[in-house]
Amino acid sequence: MLTCKNLGKSFGLDNSTDSVNVLYDINLVINSNQTIALKGPSGSGKSTLLNLIAGLEKPSSGEICLSGININKLNINELANFRNENIGIIFQFFNLINDLTVLENISLPLLLRGVSKKKSDQRAMVLIENIGLVDRVNYKTNLLSGGESQRVAIARALITEPKIILADEPTGNLDTSNTVNVMKLLLDNCKINNTSLLMVTHDESLLSRFDKVLSLESGKII
Ligand SMILES: Nc1ncnc2c1ncn2[C@@H]1O[C@H](COP(=O)(O)OP(=O)(O)OP(=O)(O)O)[C@@H](O)[C@H]1O
Ligand SMILES: [Mg+2]
């Protein structure tokens, strides 16, 4: 379903011809419905790998194919549409739109797809119940706690029923009981919708819930 072939990433540094290598020769296959945990020390390249797969950064070498489409060959508009149709992203630092309410943040990806406001809001409300934020539905998201923001980010990724969810430490800001709830929400939704999950986590207690665990160290899968 998703394949990364000989993927490498280096960043050029300002005012210098030097560059730093962050990822080396990553080969990865993720099947439909497969859940994979990605672990590794801080700075090992986990967020960079997710950004490449999401098409938010371009690889320096290699290629990424999702459902037979080489995402690096898409232009910026094609990529935005492709992402909306196929990929759900849960960022390490939420990336919610703070001028919008909880309901508006979660329904936005469906509105962008051309789904009616009524239908988008209905679907968003089901997810808002699932994440336990019915009493915050009309709050602007800058008023939410870290854990609440994270739950909104998760609902926003789930609403389009994407082929794959890329999640960067989605439980990093949650207490134990919210971690359990959020993991159940994510994993149950992935199973129901046939969605694959690639999730960065430092939480060893979560690893057994995944079909597979990958370790990244100094830019290489070990
Ligand atoms: N735009 C950039 N320019 C230069 N170096 C970068 C850039 N983005 C990331 N890096 C470097 O790439 C390395 C990997 O960063 P990345 O954010 O992928 O790590 P990570 O594994 O997600 O770490 P953490 O667990 O702390 O989130 C880091 O050393 C970082 O400094
Ligand atoms: Mg990171």
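No other residue among ASP168, ASP135 is within 16 Å of the chain's Cα centre (by Cα) and among the acidic types (Asp, Glu) apart from ASP168.
Per-residue answers, yes or no, for (1) surrounded by 16 or more Cβ atoms within 10 Å (Cβ to Cβ); (2) under 25 Å from LEU2 (Cβ atoms); (3) in contact with a helix residue (DSSP H, G or I) (Cβ under 7 Å, 6 or more places away or on another chain):
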site	(1), (2), (3)
LEU127	yes, yes, yes
ASN138	no, no, yes
ARG151	yes, no, yes
ARG156	yes, yes, yes
PRO162	yes, yes, yes
ASP168	yes, yes, yes
VAL180	no, no, no
ASN194	no, yes, no
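All of LEU49, LEU56 fail the test of being without any contact (Cβ under 8 Å) to a residue 40 or more places away in the chain and closer than 19 Å to GLU169 by Cβ, apart from LEU56.
Filtering the stretch 193-203 for residues that are outside any helix (DSSP H, G or I), among the charged types (D, E, K, R), within 16 Å of ligand 2 (Cβ to nearest atom) and touching a residue at least 12 places away in the same chain (Cβ under 8 Å) leaves a non-empty set. Against the conditions (1) within 17 Å of the chain's Cα centre (by Cα); (2) away from ligand 2 (no atom under 16 Å from the Cβ); (3) on the phi < 0 side of the Ramachandran plot, ASN33 satisfies every one except (3). Return yes or no: is ILE90 within 16 Å of ligand 2 (Cβ to nearest atom), among the aliphatic types (A, V, I, L, M), within 15 Å of the chain's Cα centre (by Cα) and modelled with pLDDT under 95? Yes.
The strands (runs of 3 or more DSSP E) found wholly in the stretch 1-110 and carrying at least 3 residues that are surrounded by fewer than 17 Cβ atoms within 10 Å (Cβ to Cβ) occupy 2-12, 19-30, 61-66. Total residues in the stretch 182-192 satisfying the condition of being surrounded by fewer than 16 Cβ atoms within 10 Å (Cβ to Cβ) and touching a residue at least 24 places away in the same chain (Cβ under 8 Å): the figure is 1.
The values are calculated or read from the model by the stated rules, or taken from the named source; none is laboratory data. Bear in mind that the values here come from a model prediction, so they are computed numbers and not experimental data. Positions of Cβ are generated from backbone atoms using ideal geometry, with glycine treated the same way; all protein chains shown enter the neighbour counts.
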